[in-house]
Amino acid sequence: MGQQFKGYKENAEICEWLSTVLGEEAIIIRAAEDRLLTLDEKRLPFSLKTDVRKAFISDAPIHICNVDSIKALEQSIRTKYSDQPAILESKDVDILTFRPSFLIDSPGAYSEDEFFELRIANVLFRLLGPCQRCKTTSLNWRLNSRDDLMEPYMTICKERKHPTFGPIFGTYLKPDIIKSEKDFESILPGYKIPKDRSFGQTGIIK
């Protein structure tokens, strides 16, 4: 038997919107309010023991990818098959392959790996760890098919294989509201407290 989870159906308006987008009947199920699971510290090394996940997710609430990283991966694939033009015709790297919450445009391929914190408007996102990739990245979601050469997964394995985490691409983050300097020290121990930002109920605001 598979795992069983509690949840509830979203309202009719939202489900109707999704059905229109997909072109077929669909419903959205939201996790129950009391669903609180700890994060896997082996997969997410920067997570805290107090971090939890509430929704139907396996790792973390926010996943980001970088435009330059996708371009670098695509270039690696083009170099790999440079003498096989017929193969290259079907080897464009699609952002849908990675299904990020946010696509950022930061100069330098894989620069997102170095972001310990990221702020969007007045919300602070804290790094939890790298996104470990599996063979799912060989699927083309637009064509509903798997790449015959398992790309871009195979190139990720070659170019981005971490000794501990395996193939990685993109990072996981968690949004935090840091209400005080004391909270900052607790969440980011050892880091210098910023003096150019105010603390409050809505996060860190410059």
Label model pair Arg30, Lys71: point-to-point distance (7 angstrom along the Cα→beta-carbon line) in nm is 3.9
Greater than 22 Å apart at Cα, pairs in Lys49/Lys195; Lys80/Lys158; Lys54/Lys135; Lys42/Lys174: Lys49/Lys195; Lys54/Lys135
Starting from the amide H of Asn140, placed 1.01 Å from N in the peptide plane, find each other amide H under 5 Å away whose residue is 5 or more places distant or on another chain. Ser145, Arg146, Asp147
Rounded to the nearest 5, what is the percent of antiparallel bridges among the DSSP beta bridges in the range 1-106? 60
For the range 36-187, give the magnitude of the charge dipole about the Cα centre (Cβ charges: +1 Lys/Arg, -1 Asp/Glu; no others), in debye to the nearest 20. 440
Rank by packing, highest mean first: peptides 151-163, 38-50, with packing defined as the count of other Cβ atoms within 10 Å averaged across residues. 151-163, 38-50
Labelled set (1) 1.07; (2) 1.01; (3) 0.96; Rg/Rh (Cα atoms, Kirkwood Rh) computed from this model equals the value at (2)
Whole-number percent relative contact order across the chain, with pairs defined as alpha carbons under 8 Å at least 6 apart: 18
Sort 100-109, 17-26 by packing, meaning the average of other beta carbons within 10 Å per residue, with the highest value first. 100-109, 17-26
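Read-outs throughout are calculated quantities, based only on the coordinates presented, and are distinct from any laboratory measurement. The model shown is predicted, which means the values in this text are computed figures rather than measured ones. Cβ atoms come from the backbone with ideal geometry, glycine included; neighbour counts cover every protein chain shown.
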